[in-house]
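Structure, as structure tokens:
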Amino acid sequence: MTKLKDNDIREILISELYSKYINDTNTKIVNEMGVLHGHSRVDVAVINGILHGYEIKSESDTLNRLPSQINDYCKVFDRMTIVVQRNYLDKTKEIIPKWWGVILVTKNGGKLNLRQLRKGRLNPNIDPYALTHLLWREEALNILKEKDLHKGYLSKPRNIIYKRICEVFTTDELKFKVNQLLKHREGWKDHDLLRLNGDLLPQ
């Protein structure tokens, strides 16, 4: 029997998320969103006032990278959900933080089903500096311009700009600004979703 791969599960997950948010213009669904400048890439992210990441572990995967991914995701996502097949269910529940949600992938008569086992809770420990890494350099500068604090920073490396943002914005303010900027990026990542399954995903 052929083992399921990440993309098999990703298609059904994104399709279900689109069905859930199809009439919500305040929601953006992103395929393979990089965090910490690509150090890790979450399989699917939903952006709609909070950042909710979904990490898939199919039976074709290993769990070797999961501890490193957990460390990165816990710095930036308000919510995280692991989407896992039964062979890894017990092991992943031992590894992931208690605030993460859990979705079990089952196969019945050739059809994939997703069953929520644990809803999860809000992340208690967002890292503001890691959160700024989701911003493009120009976006980061524009945030400083809003407070007229960009002078002297236009030619600075982006890590210096990020640190300055953390000094002048609260974590809640920063979370709101990052969320809004990610949600309204023109054409960002849209082509990735269309390429997954043109018949199921809207254009």
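When you check ASP172 against the structure, is it at positive phi, free of Cβ contacts under 8 Å to residues at least 24 places away in the same chain and not assigned by TED's automatic domain parsing to the domain that holds LEU13, yes or no?
Working: at positive phi: no; free of Cβ contacts under 8 Å to residues at least 24 places away in the same chain: yes; not assigned by TED's automatic domain parsing to the domain that holds LEU13: yes.
In short, no.
For residues in the stretch 135-153 being free of Cβ contacts under 8 Å to residues at least 12 places away in the same chain and loosely packed, with under 15 Cβ neighbours inside 10 Å, which is farthest from PHE176 (Cα to Cα)?
To start, the set of residues in the stretch 135-153 that are free of Cβ contacts under 8 Å to residues at least 12 places away in the same chain comprises 136, 138, 142, 145-146, 148, 150-152.
Subsequent filtering for residues that are loosely packed, with under 15 Cβ neighbours inside 10 Å retains 136, 138, 142, 145-146, 148, 151-152.
Numbers: TRP136: 16, GLU138: 17, ASN142: 14, LYS145: 16, GLU146: 14, ASP148: 19, LYS151: 23, GLY152: 25 Å.
Applying the filter and picking the extreme gives GLY152.
What are the residues in the stretch 105-164 that are in contact with a Gly (Cβ under 7 Å, 6 or more places away or on another chain) and among the basic types (Lys, Arg), if any?
Answer for the stretch 105-164, where residues must be in contact with a Gly (Cβ under 7 Å, 6 or more places away or on another chain) and among the basic types (Lys, Arg): ARG118, LYS119.
Those residues that are in contact with a strand residue (DSSP E or B) (Cβ under 7 Å, 6 or more places away or on another chain) and within 15 Å of VAL42 (Cα to Cα), I need them from the stretch 1-16; list them, please.
ASP6, ILE9, ARG10, LEU13, ILE14
Which members of the stretch 132-149 meet the condition of being aliphatic (A, V, I, L, M) and more than 14 Å from ARG164 (Cβ to Cβ)? Steps first, answer last, please.
Initial filter on the stretch 132-149 (aliphatic (A, V, I, L, M)): 134-135, 140-141, 143-144, 149.
Correct list: LEU134 only.
Mind listing whichever residues of the stretch 10-31 are surrounded by fewer than 13 Cβ atoms within 10 Å (Cβ to Cβ) and at pLDDT 90 or above?
SER19, LYS20
With the checklist (1) more than 30 Å from VAL168 (Cα to Cα); (2) part of a loop (DSSP other than H, G, I, E, B) in hand, flag the one item SER155 doesn't pass.
(1)
The values are calculated or read from the model by the stated rules, or taken from the named source; none is laboratory data. A quick note: this is a predicted structure, and the numbers were derived from the prediction, not measured. Glycine also receives a Cβ, built like all others from the backbone with ideal geometry; neighbour counts cover every protein chain displayed.
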